[in-house]
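Q: The structure is given below, and queries will be raised subsequently.
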Amino acid sequence: MKHQTLVNIETLPFGGFQKIIELDATLVGTSDYMGFAFFWNYEYRHYLRPQRPHILRKIHSAFLSEGLDVSGKSERHLQIITKYFNSKLD
């Protein structure tokens, strides 16, 4: 059985959390993206800024699985975003 360690990001010191964001920025566009760094097109900022990391990972993964540029803008990008935005309680 795999042991899972959970980190409460709300209790991390600012410097530590900043390092996580910097690391995650290097992972944008890969399957290792963690959901902390911005990756989206400016057009989608109001949808994605308030989302939790697990939702951002789902959207990022959906973009990758469809061969979309994660920072791109298209009707398909918006369809994927709104699908997860509307079901953010998953």
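Q: Loop-only chymotrypsin sites (Phe, Trp or Tyr not before Pro) in the range 33-69, please: DSSP not H, G, I, E or B, and at most 13 other Cβ atoms within 10 Å. Don't skip to the end; give the middle numbers.
A: Values: sites: 33, 36, 38, 39, 40, 42, 44, 47, 63; in loops: 33, 36, 38, 39, 40.
Listed in order of number, the matching sites amount to none.
Q: Please report the Cα spread of the range 9-86 along all three principal axes, rounded to whole Å, starting with the longest.
A: Principal axes ranked by extent give 38, 23, 19 Å for the Cα atoms.
Q: With a cap of 10 neighbouring Cβ atoms within 10 Å, and only residues DSSP puts in a loop, list the trypsin sites (Lys or Arg not before Pro) found in the chain. If you can, show how the numbers build up before the last one.
A: Details: sites: 2, 19, 45, 57, 58, 73, 76, 83, 88; in loops: 2, 73, 88.
In loop regions of the chain (DSSP not H, G, I, E or B), the sparsely surrounded trypsin sites (Lys or Arg not before Pro) are 2.
Q: Per the helix-only calculation at 222 nm, which mean residue ellipticity applies to the chain, given -39500 (n - 2.57) for every DSSP H run of n ≥ 4 and division by its residues, nearest 500 deg cm²/dmol? Please report the intermediate quantities before stating the final value.
A: On the way: 4 runs with 43 residues, N = 90.
Estimated from H runs of four or more residues: -14500 deg cm²/dmol.
Q: Give me the percent relative contact order of the chain, please, defined on Cα pairs under 8 angstrom at least 6 residues apart.
A: Working: 75 pairs, mean separation 21.6, N = 90.
Across the chain, relative contact order equals 24 percent.
FYI, it's all coordinate maths here, none of it is from the lab. Nothing here was measured: the structure is a model prediction, and the numbers come from that model. All Cβ positions, glycine included, derive from the backbone under ideal geometry; neighbour counts span all protein chains shown.
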